[in-house]
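Here, each number is a calculation from the coordinates, and none is a lab measurement. What you are looking at is a predicted structure, and each value in this text was computed from that prediction instead of being measured. With ideal geometry, Cβ positions are generated from the backbone for all residues, glycine too; neighbour counts draw on all protein chains shown.
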Amino acid sequence: MIRLENLTKHYGPAHDPLIAVDNVSLDLPTGEICVLLGPSGCGKTTTMKMINRLIQPTGGKVFINGKDTSTVDPIELRRSIGYVIQQIGLFPNKTIEENICVVPDLLGWDRRKSRDRAKELLELVGLQPDLFLKRYPKELSGGQQQRVGVLRALAADPPVMLMDEPFGAIDPINREVIQEEFLKMQREIRKTIIFVSHDLDEAVKMADKIAIFRSGKLEQYAAPDDLLARPANSFIEDFLGSDRALKRLRLVSVGDAMETDFITVLETDSVEHARARIRSSRSAAAFVLDAEGAPRSVLSEQVAEACSGTVGDHAEPVKSTVPITGDLRQAVSVMFAHDMPLLPCIDEAGRLAGVMSYRSIVHHLGHGGKA
Amino acid sequence: MSALAGQAAPQQSRRIETAPLIVLIVLAGTVAWLWWSGMAEEILVYSDDISYLVVQHLELVAWAGGLAILVAVPVGVVLSRPAFRLFSEAVMQVFNIGSTVPTLAILALSMTLLGIGTVPAVFGLWAATLLPIVRNTYAGLRAVPPHLVEAAIGMGMTPRQVLWRVELPNALFVIFGGIRTALAICVGSAPLVFLIGAGGLGELIFTGISLDELPMMMAGAIPTAMLAVLVDFILGQIQYYLVPRGINPLR
């Protein structure tokens, strides 16, 4: 757990200081990622660097797992905190193995243990140890270097990590991949992470909590969905942008937002029967399932009102579906692409599990999502 | 490591090998000319003198160069420390102006202070050799990217560890460049110390000039040139193998 208590940094003369960080307090539970977000010069990086005392605070305290860090020797403190910077900062004079082993070596680990650890870590991100251990940083691509930069911070298995725009220097495509990879890794290693970023999309994707800074002040500290749903003031609203509702879509899974009270009918049923069932429900269509329970065709309310005969004569084939593990962004995209006001949602076995409509999305976002 | 080095090195190492090769061809040409013109025989008359003076010459260079490295590298390191940043540029300016003083003038000054003989000679050569090494050490350390130092401190290195494990290794190539330049200057200037009574190959050169004895002068000049090339070649090899592959633009 990381706790910042009235953390403050002043520069310049005491009577007329430049206030870089102003009374910042926040709590981050163990195993969560907190993204410090804000425009450049807002104090987010200064705040982060006060945690490992690269910058000495003017006032306030930092607690890591309940321990006041000002009572710890800064050198020891830094060895116990993983540190990743935007420029990666791999030492070009050292091999990948030596780079990963920097902190274990500083801590005086047994050589074999640290070398085994380097091997194990490389395997974790899918870089073959035989190929990479003895290479030098300049012989790696940018993405590979950034992966090694993260591994180096993880080498001594620190409970806390500081990451200063760690994926900022990577091209957008690779960045997505590395972010995913990192999140996957984080789900297993459960580090407590302070992550500095100026990219809202990255923050929404990575964060359990987002802390928004403006000119040294912590403006809002909340879970991403909360933040997007309920920005605390107009600065944050502007910062999040007018499309913040769309950004939220990514945070909600299809399973959470879909309606489960859909109607199913058989192909041999009469249209009148289907019409009566549609009218008596809140639904706007009835689905026909195949033997496995997968949605095969759909009879919309308009068609049911206008036609007669059997359902099989009038139902239209289902053009597309969305898995319930997907996010709302994906669902909306499919709905727009195929002009489907009603989108069937399917589970892992391909069975119809729910229905997504514009109304269910608006309803979900309107209620502040998960909270 | 050897397997990988084998993959990466050949193309570039070939480029390095060409420089000494050209020198060798020119030298061979010169030797051949000397031989056919009969000059060689006249020069070889002095072979006993040459072998004695070459050793003396090298001793002077070794003392001056060795002491210069021992002093200049630490001075460059100190000047590059944050605590000295305020003065370091001013000090470097003084050094730069100092390096414009001709070696002959330094030797003259050295003689007025210390008299004649080996000690003032080594001192004078040392002073002339110092400057490029200080300058390159300082510049090399200043050129280490700040983010490397930040990463090192952020991971918990002490200032001393940052210097030894990150800054010096990454500045090593530039520092070595300074040492090569300095020693080439040192070997080339060393004949002048004959003028303050310290011997060396200058003895043959200056006496040859005074007596208008071309073969005698050549007997001093040719070994001096060869020594300069040889010293630079040896240092180049040391630089090539000592500077890690990750930061060695030649490998």
> Applying 1/(1 + (r/R0)^6) with R0 = 30 Å to the Cβ-Cβ distance of A:ALA337 and A:HIS363, what FRET efficiency is obtained, to the nearest 0.05?
Replying inline: 0.85
> In chain A, what percentage of the DSSP-assigned beta bridges are antiparallel, given to the nearest 5?
Replying inline: 60 percent
> Picking from A:ALA118, A:LEU28, A:MET335, whose Cα lies most toward the positive end of the charge dipole for chain A (charges on Cβ: Lys, Arg +1; Asp, Glu -1)?
Replying inline: A:ALA118
>> At 27 angstrom or more along the helix axis (alpha-carbon based) and mean Kyte-Doolittle of 1.0 or higher, what helices does chain B contain? Whole DSSP H runs only.
In response: B:47-80, B:168-189, B:214-242
> Quick one: putting +1 on the C-beta of Lys and Arg, -1 on the C-beta of Asp and Glu, what dipole do you get for the stretch A:214-271 around its Cα centre, in Debye to the nearest 20?
Replying inline: 600 debye
> Which whole number gives the average count of other chain Cβ atoms within 10 Å of the Cβ atoms across peptide A:88-99?
Replying inline: 6
> Other chains' Cβ within 10 Å of B:240-250 residues: what's the mean?
Replying inline: 4
> In terms of the Cα gyration tensor, with a ≥ b ≥ c the square roots of its eigenvalues, is the stretch A:2-249 rounded because a/c is under 1.5, prolate because a/b exceeds b/c, or oblate?
Replying inline: oblate
> Say the cut-off is 31 Å between C-alpha atoms; which of A:LYS94/A:LYS209; A:LYS44/A:LYS184; A:LYS94/A:LYS184 go over it?
Replying inline: A:LYS94/A:LYS209
> For the stretch A:141-218, which GluC sites (Glu not before Pro) are both in a DSSP coil and crowded by at most 15 other Cβ atoms within 10 Å?
Replying inline: none
> Which three extents, in whole angstrom, do the alpha-carbon atoms of chain B cover along their principal axes, largest first?
Replying inline: 68, 51, 24
> When the helix-only estimate is applied to chain A (DSSP H runs of n ≥ 4, each -39,500 (n - 2.57), divided by the residue count), what is the mean residue ellipticity at 222 nm, nearest 500 deg cm²/dmol?
Replying inline: -10000 deg cm²/dmol
> Treating the beta-carbon of each Lys and Arg as +1 and of each Asp and Glu as -1, no other charges, what is the dipole magnitude of the stretch A:2-249 about its Cα centre, to the nearest 20 debye?
Replying inline: 560 debye
>> For the protein assembly as shown, take N as its residue count and report Rg(C-alpha) divided by 2.2 N^0.38 Å.
In response: 1.46
>> I want to verify a result. In a Gaussian network model of chain B, Cα cutoff 10 Å, which of these has the top mean-square fluctuation: B:MET218, B:MET155, B:MET92?
In response: B:MET155
> For chain B, with the dipole built from +1 on Lys and Arg beta-carbon atoms and -1 on Asp and Glu ones, taken about the Cα centre, which of B:SER47, B:ILE247, B:PRO146 lies farthest toward the positive end?
Replying inline: B:PRO146
> How far is the Cα center of the stretch A:225-262 from the Cα center of the stretch B:80-154, in Å?
Replying inline: 63 Å
>> What does the net charge come to around A:ILE19 if you take all other residues with beta carbon closer than 11 Å to its beta carbon, with K and R at +1 and D and E at -1?
In response: 0
> Roughly how big is the protein assembly as shown's charge dipole about its Cα centre, with Cβ charges of +1 (Lys, Arg) and -1 (Asp, Glu), in debye to the nearest 20?
Replying inline: 1180 debye
>> For A:LYS49, give me every one of the aspartates and glutamates with a C-alpha distance below 12 angstrom, ignoring sequence neighbours fewer than eight places off in its own chain.
In response: A:ASP164, B:GLU150
>> Give me the net charge for the shell around B:PRO223: Cβ to Cβ below 12 angstrom, other residues only, Lys and Arg +1, Asp and Glu -1.
In response: -2
>> Using the Karplus curve 6.51 cos²θ - 1.76 cosθ + 1.60 with θ = phi - 60°, what ³J(HN,Hα) values do you get for each residue of the stretch A:234-249, in whole Hz, with x for Gly and Pro?
In response: 6, 4, 5, 4, 5, 5, 6, x, 6, 9, 5, 4, 5, 5, 5, 3
> Using a Gaussian network for chain B with springs between C-alpha atoms less than 10 Å apart, which of these wobbles most: B:GLY38, B:GLY66, B:GLY220?
Replying inline: B:GLY38
>> Please report the net charge: other residues with Cβ closer than 12 Å to the Cβ of A:LYS247, K and R +1, D and E -1.
In response: -1
>> Using Cα springs under 10 Å in a Gaussian network model of chain B, which residue among B:ASN136, B:ASN96, B:ASN170 shows the largest mean-square fluctuation?
In response: B:ASN96
> At 222 nm, what helix-only mean residue ellipticity would chain B give, in deg cm²/dmol to the nearest 500, using -39500 (n - 2.57) for each DSSP H run of four or more?
Replying inline: -26000 deg cm²/dmol
>> I'd like the mean, over residues of B:142-151, of how many other protein chain beta carbons sit within 10 Å of each residue's own Cβ.
In response: 4
>> Shape verdict for the stretch A:109-234, please, from the Cα gyration tensor: rounded (a/c under 1.5), prolate (a/b greater than b/c) or oblate.
In response: prolate
> If R0 is 25 Å, what FRET efficiency do you get for B:VAL119 and B:SER210 from their C-beta distance, rounded to 0.05?
Replying inline: 0.50
> Rg to Rh for the stretch A:254-364: what is it, with Cα atoms only and Rh by Kirkwood?
Replying inline: 0.95
